[in-house]
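The values are calculated or read from the model by the stated rules, or taken from the named source; none is laboratory data. Worth saying up front: this structure is predicted, and the values here are computed from it rather than measured. In this analysis, Cβ positions are derived from the backbone assuming ideal geometry, glycine residues included, and neighbour counts consider all displayed protein chains. Accessible surface is based on the protein model in full, side chains and every heavy atom, while ligands, DNA and RNA are left aside. Shrake-Rupley method; radii C 1.70, N 1.55, O 1.52, S 1.80 Å.
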Number of protein chains: 2
Amino acid sequence: MNADPLTPAPTLAMVGLGRMGANMARRLARGGAHVHGFDAQPEARAALADEPGVVLHASLADAVSALPAPRTVWLMLPAGEPSETALAELVARLAPGDLIVDGANANYLDSQRHARELEAHGLRFADCGVSGGVWGLANGYCLMYGADAEAAARLAPIARLLAPAPDRGWLHCGPPGSGHFVKMIHNGIEYGAMQAYAEGFALLEGKTEFDLDLAAVGELWRHGSVVRSWLLDLTVDALRDPDALDSVAPYVADSGEGRWTVDESVRQGTPAPVIALALMSRFASQGRADVGNRLLSLMRKGFGGHAVKTK
Amino acid sequence: MNADPLTPAPTLAMVGLGRMGANMARRLARGGAHVHGFDAQPEARAALADEPGVVLHASLADAVSALPAPRTVWLMLPAGEPSETALAELVARLAPGDLIVDGANANYLDSQRHARELEAHGLRFADCGVSGGVWGLANGYCLMYGADAEAAARLAPIARLLAPAPDRGWLHCGPPGSGHFVKMIHNGIEYGAMQAYAEGFALLEGKTEFDLDLAAVGELWRHGSVVRSWLLDLTVDALRDPDALDSVAPYVADSGEGRWTVDESVRQGTPAPVIALALMSRFASQGRADVGNRLLSLMRKGFGGHAVKTK
């Protein structure tokens, strides 16, 4: 899978072997990379025990010590405290010229700060947005990274293994911070596009007189229609189970990138109304519109004597 | 291309040889169908003169007369007056058992009415939503139709030729009206999804400090990302021309189906906030928010003494 047989197979530490990190370690190892894996959870390490090409370590220190200089450490930890803690430890354990890649869904403003802080210690930094979800192991990941030229060059052989193909699906977007920025916008688009599909299917379902087969309509749209997409493919996969819609609560979590995209819209003064409304719709699904809706019900009673629905 | 060699090649009239109708006539003829084409515009007919398998007629009457009974007439006329006029003429010229397929982007409520009116004359009717745009000739069309069982069976051999493949990309959705209903919802989703991409790319462009290459980011996202889609493919094609964004005015037309989808949301009481907002954003792009924005500017001046921007 390595594009250039003259490029030696990369060696790196993968820190954080959760759903994303573990599959990325597998894909790298299967592509010929030498992967030193570490996760604080023994179960996470155990899940990779049978993977040839992944050497597991019981501590971050051990994983780092196993690397040849200059070292490359790829973090796949939750953004915030876990990533900050690991970065602080790595500052103590790495040497000038070593490279840290943060593959978490971190806020790009934090990544810009990390790049500055690590540079003061002589360490190189790249922020890498990773898309592909649980399908990345088989299909490859879409990688968008921000880094200076030297760090980007060091990252490229790894990116070629993780991407869907050596020549596509990875991009050095710009300076440090730009990788997580591009990933943030990617996820913002995802919020808006997902919401559009959800609303459309809800309208299909709501037209009871036509008794439409939602899975069949979705499958139809996958072929030749303007709205064909990978999100539609996933939606159809889900709808094939006739109990799927009844099996989940109408509660949609949000995990940060949607909020950051709306923050960025406000920061720039660039309107992103549909992305913002998709985020607000998720908040409403979480019950956060209930207070407002109760108030509206009371107002209708107050000025119009309308009946209110009690609990 | 015909799936079943035992099924005789279909014969039909294609009425309306505009951008969509002409390419559908071509695709049908190249698939082995016998197509009798008619358009009131001589230039539209002339454009198909070199297409083997398409026989051109100078009047609707001639095209209908050339068909063997039971006749199949496919309309690809603009919804509204042109379609109504043709339907009225066809009522006079067709015989019981003949089939009319309306492939326009018609309002499904009109299609339900047409089905009832034509049934009173013994004529069969199918409403067929057609997606695929100018790429349909090469890639095939996504076809969603509403019809009774007999009309649907008559339509199937034609659908198999127009679709991307004989076994996919076409669906008998339900009773008359359901085809145009499903197509309407398809287009509503398209409004929301397009708007999400547009907002995301605008935020990328607005982050000037990163100097991002929009075409490169879009191309990246086509490979392995969660937002990969045909709409993204088209967006990237457009962005490859560095002058593309400067070459068009920031004015987005709307052509009916978005409005109808929002009407349907109101009719059902099923929320479609993102689709509605995408439609409202198009209205704003057409200058229809200017009065409101002028008023807001005057209000700010009135209560806060804020400076207003004059023309």
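Where in the stretch A:217-277 are there helices (runs of 4 or more DSSP H), lying fully within it, with 2 or more residues that are within 14 Å of chain B (Cβ to nearest Cβ) and surrounded by 15 or more Cβ atoms within 10 Å (Cβ to Cβ)? If you could, list the steps in order and put the result at the bottom.
Values: elements: A:230-239, A:244-247, A:257-268.
So the answer is A:230-239, A:257-268.
Report whether or not A:Leu123 is farther than 30 Å from B:Ala272 by Cα, open to solvent by less than 40 Å² (accessible area, probe 1.4 Å) and within 14 Å of chain B (Cβ to nearest Cβ). First the steps, then the outcome.
Details: farther than 30 Å from B:Ala272 by Cα: yes; open to solvent by less than 40 Å² (accessible area, probe 1.4 Å): yes; within 14 Å of chain B (Cβ to nearest Cβ): no.
Answer is no for this residue.
Going residue by residue through the stretch A:95-117, is there one that turns out to be under 30 Å from B:Arg228 (Cα atoms), within 14 Å of chain B (Cβ to nearest Cβ) and without any contact (Cβ under 8 Å) to a residue 40 or more places away in the chain?
Checked against the condition, which is being under 30 Å from B:Arg228 (Cα atoms), within 14 Å of chain B (Cβ to nearest Cβ) and without any contact (Cβ under 8 Å) to a residue 40 or more places away in the chain, the stretch A:95-117 yields no hits at all.
If B:Ala44 satisfies every condition in (1) touching a residue at least 40 places away in the same chain (Cβ under 8 Å); (2) open to solvent by less than 50 Å² (accessible area, probe 1.4 Å) but one, which is the exception?
(1)
Name every residue in the stretch A:163-203 that is within 19 Å of A:Val236 (Cβ to Cβ), touching a Gly at 6+ places or on another chain (Cβ under 9 Å) and facing chain B (nearest Cβ under 7 Å), in order of residue number. Walk me through it before giving the result.
Step one: of the stretch A:163-203, the residues within 19 Å of A:Val236 (Cβ to Cβ) are A:190, A:193-203.
Now narrow it down to the ones that are touching a Gly at 6+ places or on another chain (Cβ under 9 Å): A:190, A:193, A:195-197, A:199-201, A:203.
Selection gives A:Glu190, A:Ala193, A:Gln195, A:Ala196, A:Tyr197, A:Glu199, A:Gly200, A:Leu203.
Looking at (1) under 15 Å from A:Ser255 (Cα atoms); (2) open to solvent by 50 Å² or more (accessible area, probe 1.4 Å), which is the only condition A:Lys311 fails?
Every listed condition holds for A:Lys311 apart from (1).
Quick check on my filter: what residues within the stretch B:135-183 are in contact with a helix residue (DSSP H, G or I) (Cβ under 8 Å, 6 or more places away or on another chain) and among the polar types (S, T, N, Q)?
B:Ser178
Hey, any hits in the stretch A:168-175 for a residue that's more than 15 Å from A:Ser131 (Cα to Cα) and either out of contact with any Lys or Arg (no Cβ under 6 Å at 6 or more places or on another chain) or at pLDDT below 95 (or both)?
Kept after step one, since they are more than 15 Å from A:Ser131 (Cα to Cα), are these residues of the stretch A:168-175: A:174-175.
If we keep only those that are either out of contact with any Lys or Arg (no Cβ under 6 Å at 6 or more places or on another chain) or at pLDDT below 95 (or both) too, we end up with A:174-175.
Scanning the stretch A:168-175 turns up at least one residue that is more than 15 Å from A:Ser131 (Cα to Cα) and either out of contact with any Lys or Arg (no Cβ under 6 Å at 6 or more places or on another chain) or at pLDDT below 95 (or both).
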